[in-house]
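Working notes, beginning with the structure itself.
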Amino acid sequence: MCRPNSKSAQQQSMLIDNITRATMQVLNDEGLINFRVGRIISNANCSSKSFYQAYEDKSDLLLCLWVRTAVSNQLATIEQHQQQLNDLSCLLLPFVMTLYRSSEYPIAMHAISTSINASIWSSVDSGKSDKVRARINFFWRWVRHYAERLQQHGQLQCSEQQLHLLCDKLSYLLRGFIWVNGSQLVDAQHRLNKPQIFMDLMASELLPLGISQAQLEHAAIIASNYALHSQQRQRHISCQQCQQLTEMCKQRQLP
């Protein structure tokens, strides 16, 4: 996954960045089943040799793409901006950032989400699946951490069992939104795929636990602004940075 070659670090980073953008666009246009590596190579304006120096095959590309675009990339560097965010904003941040990605590339995000199903990767190199596992679990450790902080400070009025249930419900809502937003087989009149609807559903789960609509709206604005800025900062993530983030997500203790 993102194999090193003789190119300079800057050239390699630019190549991977071009391939990443091209893959997202091609997946969005052609879907997971029909997308062709040749189209990606053409859109990325690179040679076949350069592409296969960077990736082993199509599945390797999909796995690397997910890791490079994971929301955990932003969460792993949020501490330096944390003074601008309260605990509620931090709880909402992973979901808002995921909404941005899903709304920008709905089919691509749906395809990537499908491609990281554990059963699909059960037979591949464990080192590859470990990278995805680290990013996913950092995401949910983050959510759990801030949900517990809110509970301890009395901002979430719930028991331990209700807290578990809340995290499960938010997980189901998020996965459902990605699935529905990326589906091309469900007729439009059956799809409630606007991000605001997801936020309203989150509000319906949080309001009974002591979070007001006004607090949610304020936190969503802060989180949305951070998501935009963090996407710009992380746009040119290098392979070395990607490796470092994987280790960070595996080992780092939340603040």
Residue match in the range 147-156 (condition: out of contact with any Leu (no Cβ under 8 Å at 6 or more places or on another chain), closer than 29 Å to residue 130 by Cα, modelled with pLDDT of 80 or more and surrounded by 13 or more Cβ atoms within 10 Å (Cβ to Cβ)):
yes
Residue 52 fails exactly one of the following numbered conditions: (1) at pLDDT below 85; (2) open to solvent by 50 Å² or more (accessible area, probe 1.4 Å); (3) in a helix (DSSP H, G or I); (4) more than 24 Å from residue 206 (Cβ to Cβ). What is the number of that condition?
(1)
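Please work out if residue 251 is open to solvent by less than 90 Å² (accessible area, probe 1.4 Å), polar (S, T, N, Q) and modelled with pLDDT of 75 or more.
No: the conditions fail for residue 251.
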Go through the range 157-189 and count every residue that is open to solvent by less than 80 Å² (accessible area, probe 1.4 Å), modelled with pLDDT under 75, outside any helix (DSSP H, G or I) and not small (Gly, Ala, Ser).
1
Considering every residue within the range 67-84, establish whether at least one is over 23 Å from residue 242 (Cα atoms), modelled with pLDDT under 80 and part of a helix (DSSP H, G or I).
yes
Would you check if there is a residue in the range 47-63 being within 30 Å of residue 90 (Cα to Cα) and free of Cβ contacts under 8 Å to residues at least 60 places away in the same chain?
yes
Is one or more of the residues making up the range 30-47 touching a Pro at 6+ places or on another chain (Cβ under 9 Å) and part of a helix (DSSP H, G or I)?
no
Just checking, does the range 200-207 include any residue being surrounded by 12 or more Cβ atoms within 10 Å (Cβ to Cβ), modelled with pLDDT of 80 or more and within 20 Å of the chain's Cα centre (by Cα)?
yes
For the range 113-146, name all the residues that are at pLDDT 85 or above and either surrounded by 16 or more Cβ atoms within 10 Å (Cβ to Cβ) or touching a Leu at 6+ places or on another chain (Cβ under 8 Å) (or both).
138, 139, 141, 142, 143, 144, 145, 146
Here are some conditions: (1) open to solvent by less than 90 Å² (accessible area, probe 1.4 Å); (2) modelled with pLDDT under 70; (3) assigned to a helix (DSSP H, G or I). Residue 229 meets all but one. Which one does it not meet?
(1)
Residues in the range 21-46 that are without any contact (Cβ under 8 Å) to a residue 24 or more places away in the chain and among the hydroxyl-bearing types (Ser, Thr, Tyr) total 1
So which residues in the range 1-33 are open to solvent by 30 Å² or more (accessible area, probe 1.4 Å) and at pLDDT 75 or above, if there are any at all?
11, 14, 18, 21, 25, 28, 29, 30
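The values are calculated or read from the model by the stated rules, or taken from the named source; none is laboratory data. The structure displayed is predicted, hence computed values, not measured ones. Cβ sites come from the backbone with ideal geometry, for glycine too, and all protein chains shown count toward neighbours. Protein only, heavy atoms only, side chains kept; ligands, DNA and RNA dropped before computing areas. Shrake-Rupley method; radii C 1.70, N 1.55, O 1.52, S 1.80 Å.
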